[in-house]
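Below is one structure, written out as structure tokens; the observations come after it.
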Amino acid sequence: MTDLNKLTLAEARDGLRKGEFTSSDLTEACLTSIKAAQKLNAFVHDTSEQAREQAKAADARIAAGDAPNMCGLPIGVKDVFATKGQPTQAASKILDGFKPEYESTITTKLFDAGAVMLGKLNMDEFAMGSSNENSVYGPAVNPWKIDDRDLTPGGSSGGSAAAVAADLCLAATGTDTGGSIRQPAAFTGTVGIKPTYGRCSRWGVVAYASSLDQAGPMTKSVRDAAIMLEAMAGHDAKDSTSADLAVPDFEAMITGDIKGKKIGIAKEYRIDGISDEIAKLWDDGAAMLRDAGAEIVDVSLPHTQYALPAYYVIAPAEASSNLARYDGVRYGHRAQIDASEGIDDMYEKTRAEGFGREVQRRIMVGTYVLSAGFYDAYYNRARKVRTLIKRDFEQVFDSGVDAILAPTTPSAAFGIGEVTGKDPIEMYLNDVFTVTLNLAGLPGISVPTGLSSAGLPLGLQLIGRPWGEGDLLNIAHSLEQSAGFVSKPTKWW
Amino acid sequence: MLDTIEYTSPKPKVIAGAKHDWELVIGLEIHAQVQSQAKLFSGASTLFGNEPNSNVAFVDSAMPGMLPVINEFCVEQAVRTGLGLKAEINLFSAFDRKNYFYPDLPQGYQISQLYHPIVGNGEVLVDMEPGVARKVRIERIHLEQDAGKSIHDMDPTMSFVDLNRTGVALMEIVSFPDIRGPEEAAAYVLKLRQILRYLGTCDGNMQNGSMRADVNVSVCRVGQYEKFAETGDFSHLGTRCELKNMNSTRFIQAAIDYEARRQIAIIEDGGEIKQETRLYDADKNETRSMRSKEEAHDYRYFPDPDLLPLEIEQAWVDDIAASLPELPDEKKARFVTAFGLSEYDASVLTADTANAAYFERVAEGTDGKLAANWVINELFGRLKKDDKDISDSPVSAEQLGGVVKLIKAGDISGKIAKDLFEIVYTEGGDPAKIVEDRGMKQVTDMGAIEAAVDEVIAANPAQVEKAKQNPKLVGFFVGQVMKASGGKANPAAVNELVTKKLGL
């Protein structure tokens with residue numbers, strides 16, 4: 001059996017149930033493809049031993065007729081998820097050698113459902129970045145290529161996106177604080193959904209910005225996103241911000257019927273600098289949804305322009321506090337100090353050596369905006385903006401709109417080194433369409449709908465009502481079907 | 001509600017400086033460890049004295065990705081404490097992070113409640129002497145995490161950290177600057193401790209650090225405080241210094257006294273008090289600067305995004321209020337009115353719930369005042385001699401009640417009662433039976449005994465004659481009288497009467 005690694009979750013699930021192949025077959029196919037894809041630098045920790053055991057156990061469950069949807073399906077796990085006994089370092093030097101004694105709720109749920117973990121995936125350090133260049137493992141590389149340049153797969157879940165796009169795994173977990181699932185999905189022609197804040201447990205996910213972080217699946221199709229999200233979602237008493245709500249059968253909610261759905265187009269998203277290509281993609285997407293029976297309406301989200309600055313106050317503020325625990329005292333990297341030096345020297349050196357530049361920048365920004373005298377001007381103001389942004393969306397949804405259509409990113413994937421190292425604001429602008437959802441806690445999904453003129457994938461984003469992932473997936477599926485995006489990167493690695 | 005007993009306020013302490021008289025203004029922040037099996041945000045044990053780093057959950061050691069979950073019981077305890085201090089309970093409160101780096105603070109922040117504490121304004125009546133008490137207003141109580149312990153003396157080059165205490169729930173009880181002297185400050189701590197113990201919300205063990213105090217001290221010229229009290233304008237008062245982490249009422253008194261005199265000396269010398277945090281050195285009896293206002297940390301407080309605001313329901317608060325025990329002030333007032341005790345005796349007996357409960361059982365069905373005398377003077381005195389606590393008293397409340405009832409009924413004299421108490425204390429047994437068996441009962445009807453004696457003498461003329469020859473035969477008459485009285489007569493009294501009547 002060849003190319004099993006190219007299957008979608010749904011195809012593999014059905015094949016396993018029919019006995020066409022085993023989970024071990026699937027797992028070996030993926031492990032082989034991973035081995036051949038070192039140039040992508042997507043997988044950074046090998047957990048093949050665990051994968052083979054899990055595959056064997058999954059095959060036994062399938063044989064016994066006890067096979068949940070994810071049973072036997074090989075996936076990759078972003079390095080931000082704590083995996084028991086396996087390296088977990090959020091792509092940071094400061095967590096060098098760290099192997100947790102606990103398993104995150106998300107991976108626990110996936111493993112309980114029979115999923116197989118192939119390895120840990122590259123990412124931007126502490127999920128801070130939009131290009132996967134801020135990684136102790138070095139940048140992950142986009143399998144898509146148009147010339148001899150290596151392109152970024154986006155970030156922070158760049159390893160996850162690259163691995164799914166290159167068929168190294170059937171799907172992967174990601175996390176999204178300001179766009180970290182959706183932007184890399186758009187850059188790699190894959191599907192990524194950020195669920196409603198509180199839908200997936202944050203327990204065991206290395207925190208970046210607690211009020212914004214949310215885990216979600218990165219997959220090859222919308223159906224796969226529904227299958228995997230269902231396995232990941234659910235209330236967790238260990239996470240106080242997790243919602244005590246039942247998880248619907250998301251896959252069953254994909255009916256293909258979106259007749260009468262109201263899709264909003266926000267004029268505020270037509271920002272300066274949006275390329276003609278992206279504008280056309282957006283118009284085409286709206287037309288596809290209209291053709292499928294949806295009603296397209298203009299909506300207004302008046303505070304959108306303040307979202308990015310508010311995000312880059314709130315997220316660093318929380319991060320500066322969340323990352324205080326990495327002090328060299330209990331785990332991870334600790335700097336060597338001289339006998340004459342004290343604890344403050346140890347902290348300073350450890351953190352200077354252990355954190356990369358972008359992480360340090362955000363810690364400094366966050367510390368600054370929370371400082372006495374600046375708190376009201378920055379942090380409190382950003383919180384007020386956040387409330388206004390939330391209200392913008394509430395008003396739109398209250399008017400009967402079912403989902404909002406927007407571009408996922410302002411451009412297609414860019415080259416490694418092309419944006420990084422310059423003005424950091426330029427990199428932050430990648431999040432301009434995505435951060436608003438995180439601030440509002442809303443679900444959003446990126447669906448590949450076309451190629452740029454240069455031949456790179458582009459994605460559109462659908463924004464849904466709180467807890468309306470099922471409806472959102474159904475609309476996204478319709479868009480996916482209409483767009484008929486089937487392109488795959490040509491293997492060069 | 002507090003004032004079932006009439007009180008006057010104590011006079012503020014006045015310290016004579018070289019030039020002027022000065023008064024003190026004191027406010028306290030008490031950190032009281034919440035009595036609870038588990039920590040504020042983790043399931044780890046709070047047991048004191050366990051192996052270092054054995055009471056540590058992943059969230060306590062701040063492992064990556066770990067999240068706090070509020071321990072509802074700690075919230076209940078804080079509410080109970082607030083109710084016990086007649087305070088407002090805030091149905092909406094929230095947790096904030098106080099950020100600073102220290103090895104015994106693994107998260108790099110303490111979870112506390114800066115902006116929205118769970119308890120608002122309350123009050124504590126601090127008894128100074130009978131009829132004199134200071135009403136100290138409580139500003140707020142908030143819940144927060146304790147830090148761990150750094151150990152610097154185990155190794156010449158390394159420091160060690162014990163995280164057992166990390167994350168244990170504390171209530172920070174903040175008073176208004178209503179305290180006017182070192183003795184009042186100490187009495188305030190003791191009164192607060194008494195109330196918390198009554199409530200069962202803190203064990204009040206200051207040696208183990210279950211209660212620690214930060215003391216704010218300033219001095220002002222006589223008359224200035226009243227201006228402040230009227231206007232709320234702090235400019236009428238002196239600049240304060242904070243004495244950090246005091247864990248004994250004796251040291252609190254000494255430290256305040258030292259600190260006030262230090263401040264007075266500086267001001268009278270034309271100097272200025274710098275607002276700062278100071279530490280008290282008990283060995284040298286002095287306070288030393290720890291850090292100035294300029295060096296103070298910027299804690300960068302902000303709402304903890306890992307925790308939702310704490311919203312509680314009035315009905316739940318009402319349930320807790322309904323389950324509140326009788327508190328010291330009310331108990332004391334009741335003891336005064338119901339048992340006719342002096343305020344002093346009532347204070348002694350209500351010092352803790354065990355004493356009070358013991359007394360009430362002793363007093364049941366008998367004279368309360370008499371019972372109080374016996375509990376305070378005889379029992380407490382005897383226990384103190386043996387270095388014993390009420391909980392290991394060899395005399396039960398029922399036994400002591402028996403003794404008191406025998407006195408009250410006139411069955412035994414006060415003198416015999418002391419003998420009886422000693423017997424019960426050392427040998428045990430039912431006091432009434434001991435009185436019976438050992439013939440300790442007081443003779444009350446001498447006429448009846450005399451009649452019985454006369455009767456026996458009249459009925460036995462032959463024996464009378466023999467007895468006159470041989471006085472040892474007096475026992476025969478005594479025996480006959482006892483028989484006739486059904487054993488109720490005091491043998492000693494009978495013996496005396498028989499001897500007299502026979503002319504022996």
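Read the figures in this text as sums done on the coordinates, not as results from a lab. Computed from a predicted structure; not experimentally measured. Quick reminder, even Gly has a Cβ in these numbers, built from the backbone with ideal geometry, and neighbours come from all protein chains shown.
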Exercise. Going by a ≥ b ≥ c, the root eigenvalues of the Cα gyration tensor, does the range B:14-298 fall in the rounded group (a/c under 1.5), the prolate group (a/b larger than b/c) or the oblate group?
Worked result: prolate
For this session: Can you put A:Met228, B:Met290 in order of Cβ neighbours within 10 angstrom, beginning with the fewest?
Result: B:Met290, A:Met228
Exercise. Tally Lys and Arg at +1 and Asp and Glu at -1 over the other residues with C-beta under 10 Å from the C-beta of A:Ile181: what net charge comes out?
Worked result: +2
Exercise. Classify the range B:199-266: rounded, prolate or oblate, from the alpha-carbon gyration tensor (a ≥ b ≥ c, eigenvalue square roots; a/c under 1.5 rounded; otherwise prolate if a/b is larger than b/c)?
Worked result: oblate
Problem set entry | Neighbour net charge for B:Ala346 - beta-carbon separation under 10 angstrom, K R +1, D E -1 | +1
Exercise. What is the local net charge at B:Lys227, summed over the other residues whose Cβ is closer than 11 Å to its Cβ (Lys, Arg +1; Asp, Glu -1)?
Worked result: -2
Exercise. Residue separation times 0.36 nm, minus the C-alpha to C-alpha distance between B:Phe101 and B:Asp437: what's the value?
Worked result: 113.6 nm
Exercise. Between B:Ser413 and B:Ala315, what FRET efficiency follows from the Cβ-Cβ distance if R0 is 51 Å, with the result rounded to 0.05?
Worked result: 0.35
Seminar exercise, completed: Compactness summary of chain A: radius of gyration and Dmax from Cα atoms, Å, are 21.3, 74
Seminar exercise, completed: Between A:Asp112 and A:Gln38, Cβ-based FRET efficiency (R0 30 Å, step 0.05) works out to 0.45
Exercise. What is the antiparallel percent of DSSP beta bridges lying wholly in the range B:202-333, to the nearest 5?
Worked result: 75 percent
Exercise. Can you give the extra length, in nm with one decimal, that the chain gains between A:Leu245 and A:Asp147 once fully stretched, where that is 0.36 nm per residue apart less the Cα-Cα distance?
Worked result: 30.5 nm
For this session: With a cut-off of at most 11 other beta carbons within 10 Å, and DSSP calling the residue loop, which GluC sites (Glu not before Pro) in the range A:6-103 qualify? Please list them.
Result: A:Glu101
Exercise. According to the square roots a ≥ b ≥ c of the eigenvalues of the Cα gyration tensor, what is the shape class of the range A:412-493, taking rounded for a/c under 1.5, prolate for a/b larger than b/c otherwise, and oblate for the remainder?
Worked result: oblate
Exercise. In nm, to one decimal, how far is the A:Arg381 label point from the A:Arg357 one, both placed 7 Å along Cα→Cβ?
Worked result: 2.8 nm
For this session: Take every residue in peptide A:315-326, count the Cβ atoms of other chains within 10 Å of its Cβ, and give the average of those counts.
Result: 5
For this session: For each of A:Tyr331, B:Tyr115, A:Tyr428, count neighbouring Cβ atoms within 10 Å of the residue's Cβ, then give the residues from fewest to most.
Result: B:Tyr115, A:Tyr428, A:Tyr331
Exercise. For the range A:93-139 and the range B:355-406, what is the separation of their C-alpha centers, rounded to whole Å?
Worked result: 68 Å
Problem set entry | Packing rank of B:470-478, A:218-226, where each peptide gets the mean count of other beta carbons within 10 Å, highest leading | A:218-226, B:470-478
Exercise. In sequence order, what are the phi-derived ³J(HN,Hα) couplings for the range A:64-70 according to the Karplus relation 6.51 cos²θ - 1.76 cosθ + 1.60 with θ = phi - 60°, rounded to whole Hz, with x for glycine and proline?
Worked result: 7, x, 9, 10, x, 3, 8
For this session: Sort A:His235, A:His303, B:His297 so the one with the fewest other Cβ atoms within 10 Å of its own Cβ comes first.
Result: B:His297, A:His235, A:His303
Seminar exercise, completed: Within 10 Å of the Cβ of an average residue in A:196-205, the count of other chain Cβ atoms is 2
For this session: Run the quick spin-label model on A:His235 and B:Ala338: label points 7 Å from Cα toward the beta carbon, then report their separation in nm to one decimal.
Result: 4.5 nm
For this session: Order the peptides B:317-325, B:162-170 from the highest to the lowest mean number of other Cβ atoms within 10 Å of their residues.
Result: B:162-170, B:317-325
